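The values are calculated or read from the model by the stated rules, or taken from the named source; none is laboratory data. Everything quoted here is computed from the prediction, not taken from an experiment. Counting neighbours? That spans all protein chains shown, and the Cβs are built from the backbone with ideal geometry, glycine included. Please note that ligands, DNA and RNA were not included when accessible areas were found on the heavy atoms of the full protein model with its side chains. Shrake-Rupley method; radii C 1.70, N 1.55, O 1.52, S 1.80 Å.
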Amino acid sequence: MTAYLAGVCSSALSFIFIVFAIGAIGYLVGGIKIKGIELGTAGVLLVALIWGIVINYIPSFSIGEDTITLFSDKIKGNFSIVSNIGTALFVTAVGLIAGPKFFRSFNRKTLAYILLGFIIIAIGAVTAIICVMLDENLSADMAVGLLTGGLTSTPGLSAAKEVAKNQDAVVAGYGIAYTFGVLGVVLFVQLTPKLLKVNMKEEVANFHAANQISIPEPKQTLVPLDPFGFFAFFLAVAFGCLIGSIKIPGINFSLGNSGGTLIGGLIIGHFARIGKIDCRIKKETLNFMRELGLVLFLIGAGVPGGVNFVANFKISYFIYGAIMTLVPMIVGYIIARYIFKLSILNNLGSITGGMTSTPALGTLIATAGTDEVSSAYAATYPFALVSIVLAAKIIVMIL
């Protein structure tokens, strides 16, 4: 028993060290500016990915009599937990921020977001099919893994594994494409305004002017349960998890952790109360939860991503994955700009939702200096999520 407890404590110590060391180093890297460009919070992802690569060769080190384990089967599952908690915190915060205006601002622009969610994923699916047709050595299972990795979609990965003949190929493809899938979209939303020489202050001002929505004040005095709004936040997460666990019969589809908590946040944010209980949350609390969630997600997803990248890497597969990220993203941007006539901020917000990219939204918020761009993400994301799950299954079944 004593040896078992010592092992548990050692694993816990190692894992706590990993999470906070990656976070600290990641923020240092993210703060480095090169010609006005910085990774910001995405620096945490870069460090997490590099960490995952390095630990293939240096799995542990010793300090005195204690051993710090950087990666092992014992702590491997912990990264998934951290990633899921991070996703829940981030996406719920996004839903709560967008909620007060989201349902009150449904218009023709919202239809554009919905269509973009379907279009971006459809383009990605067609790209994956073309890659399979052009390369006889690329299996459908590997292609759909590359697609879900390039679109950073864990629900899509899960759906593909359900129908795949070779689940290992699906997981390997996901790991290979995931790195570029995240960094590609993050850099796209950061570099596009700079390349187009967008006056961000002017765009933000126009964005706010075009999105002014009147939010009614409560007609009765509401009772807050805590000073930070943790009750409402935790309620939104719990409610979202229940929503996410509901499965649609026949296609075995559910919104999962990310989709469910987004809807939960939107609903709680919209109504802002339960009877006389105040469910409004301070902006500072939401900003903190959003940033904390993003960091935890990047660490939890990044380290295993780095491990899988080394274990399964092939240059041809990496190129295919990059293509499956770039083509739907660029074509989606062009359609949003020239067909749907979306402003640059609404355009990029919908791209982050269509690409189901949580870290890219965080980068866009930092680049724009306003979290209201999350409304476009929130409107596009659920439909992209449904589309990638269906597309993953269809590709495997038809090929």
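Rundown of residues vs (1) out of contact with any helix residue (DSSP H, G or I) (no Cβ under 6 Å at 6 or more places or on another chain); (2) buried (at least 21 other Cβ atoms within 10 Å of the Cβ); (3) at pLDDT 85 or above; (4) more than 23 Å from LEU235 (Cβ to Cβ), yes/no style:
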position: LEU255; (1), (2), (3), (4): no, yes, no, no
position: LEU262; (1), (2), (3), (4): no, yes, no, no
position: ILE268; (1), (2), (3), (4): no, yes, yes, no
position: LYS282; (1), (2), (3), (4): yes, no, yes, no
position: LEU294; (1), (2), (3), (4): no, yes, no, no
position: ALA311; (1), (2), (3), (4): yes, no, no, yes
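Here is a check on your reading of the model: is GLY173 open to solvent by less than 30 Å² (accessible area, probe 1.4 Å), out of contact with any strand residue (DSSP E or B) (no Cβ under 6 Å at 6 or more places or on another chain) and over 24 Å from MET329 (Cβ atoms)?
no
Hey, can you tell me all the residues within segment 368-383 that are surrounded by 24 or more Cβ atoms within 10 Å (Cβ to Cβ) and not hydrophobic (A, V, I, L, M, F, W, C)?
Selection gives SER374, SER375, TYR377, THR380, TYR381.
Pick from THR363, THR356, THR325: which is crowded, with 24+ Cβ neighbours inside 10 Å, at pLDDT 90 or above and among the polar types (S, T, N, Q)?
Being crowded, with 24+ Cβ neighbours inside 10 Å, at pLDDT 90 or above and among the polar types (S, T, N, Q) holds for just one of THR363, THR356, THR325, which is THR325.
So, in segment 215-227, of the ones that are assigned to a loop (DSSP other than H, G, I, E, B) and touching a residue at least 24 places away in the same chain (Cβ under 8 Å), which residue ends up most open to solvent (accessible area, probe 1.4 Å)?
THR221
Any residue in segment 45-59 that's within 11 Å of ILE299 (Cα to Cα) and at pLDDT 75 or above: show its pairings with residues that are among the polar types (S, T, N, Q) and open to solvent by 10 Å² or more (accessible area, probe 1.4 Å) at Cβ separation under 7 Å, as long as the two are six or more apart or on different chains.
So the pair list comes out as LEU49/THR179.
Would segment 180-192 turn up any residue that is closer than 25 Å to GLY99 by Cβ and either among the hydroxyl-bearing types (Ser, Thr, Tyr) or without any contact (Cβ under 8 Å) to a residue 40 or more places away in the chain (or both)?
No, every residue in segment 180-192 fails to be closer than 25 Å to GLY99 by Cβ and either among the hydroxyl-bearing types (Ser, Thr, Tyr) or without any contact (Cβ under 8 Å) to a residue 40 or more places away in the chain (or both).
Can ASN287 be described as crowded, with 18+ Cβ neighbours inside 10 Å, polar (S, T, N, Q) and assigned to a helix (DSSP H, G or I)?
no
Name the one entry in ALA88, ALA122 that is surrounded by 22 or more Cβ atoms within 10 Å (Cβ to Cβ) and out of contact with any strand residue (DSSP E or B) (no Cβ under 6 Å at 6 or more places or on another chain).
ALA88
Just give me the residues in segment 70-84 being modelled with pLDDT under 75 and open to solvent by 50 Å² or more (accessible area, probe 1.4 Å), in sequence order.
Answer for segment 70-84, where residues must be modelled with pLDDT under 75 and open to solvent by 50 Å² or more (accessible area, probe 1.4 Å): ASP73, LYS74, LYS76.
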